[in-house]
1. Given Cα positions, please report Rg to Rh for segment 18-73, the hydrodynamic radius being the Kirkwood one.
2. Report the paramagnetic label zone for residue 9: residues of segment 23-60 whose backbone N is under 19 Å from a point 7 Å from Cα along the Cα-to-Cβ axis.
3. Using Cβ counts within 10 Å as a stand-in for footprinting exposure, how do 73, 15, 22 rank, fewest first?
4. What whole-number distance in Å separates the alpha-carbon centres of segment 1-67 and segment 108-175?
5. Please compute one quarter of the surface area of the Cα convex hull for segment 96-167 and express it in square nanometres.
6. How far apart, in nm, are two points set 7 Å out from the Cα along the Cα-to-Cβ line at residue 61 and at residue 160?
7. Within 10 Å of each residue's Cβ, count the other Cβ atoms and sort 132, 14 from fewest upward.
8. Considering the chain as a Gaussian network with a 10 Å cut-off on Cα pairs, which listed residue, 154, 111, 98, attains the greatest mean-square fluctuation?
Amino acid sequence: MTELIEPTTALHRSWLASLEDWGRGVHQDGSGIRDFDDFDSPEGFARFVRRLHDEADPDIDPEPGRVDTAYWWMAEGDTILGSISLRHELNDFLLEQGGNIGYGVRPSARGRGLAGWALHEVLGKARDRGLSKALVTCHVTNPASRRVIERAGGVFEDIRDGRLGPTRRYWFDLR
């Protein structure tokens with residue numbers, strides 16, 4: 001059974017397998033990966049997981065330019081299939097291109113409806129956190145993500161060009 005779980009050090013080996021599936025250095029939307037992260041050592045992976053938990057904690061001020069963000073892993077048993085994040089608010093960059101929700105499914109798990117399922121789940125979490133609307137974006141060259149967003153009921157607003165390139169913007173009414 002697929003479920004959304006909070007990041008945990010118990011799945012270090014599975015995270016590494018997912019990372020290899022993506023390819024080292026490949027951007028993974030919704031994962032929280034940063035260039036400085038060390039995934040290979042248990043200590044480095046524990047720091048990564050701790051940072052993800054800290055970024056979700058509203059009692060800990062986010063780093064400059066960032067907002068509070070909750071992260072979940074899409075998992076079947078001890079196999080990580082993807083990641084999804086919920087940004088609790090929008091700064092200027094997120095309003096233009098990043099949105100409230102980001103997600104990514106590892107290449108070997110694509111085509112199973114995981115992104116749509118996870119998006120539906122996290123839209124409910126956004127509603128539970130008091131958000132009245134949520135912005136979800138995708139690059140114009142990502143037709144699979146476009147279909148996921150549109151099937152979930154996202155209302156297309158526009159395409160904006162910025163540092164991530166041309167980005168499609170969709171809104172979800174959560175009231």
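1. Values: Rg = 11.9 Å, Rh = 12.3 Å.
Ratio of gyration radius to Kirkwood radius: 0.97.
2. Zone members listed by number: 33-34, 37-57.
3. Working: 73 24, 15 21, 22 18.
The most exposed by this proxy come first: 22, 15, 73.
4. 21
5. Values: hull surface 20.1 nm².
Its Cα hull, projected and averaged over all orientations, spans 5.0 nm².
6. Label at residue 61, label at residue 160, 2.6 nm between them.
7. Working: 132 10, 14 17.
Neighbour counts put them in this order, fewest first: 132, 14.
8. For the chain, modelled as a Gaussian network with Cα springs under 10 Å, the answer is 111.
Every read-out reported here was derived from the displayed coordinates using simple, explicitly stated rules and does not represent laboratory data. Being a predicted model, the structure only gives us computed values, none of them experimental. Every residue, glycine as well, gets a Cβ built from its backbone with ideal geometry; the counts of neighbours run over all protein chains shown.
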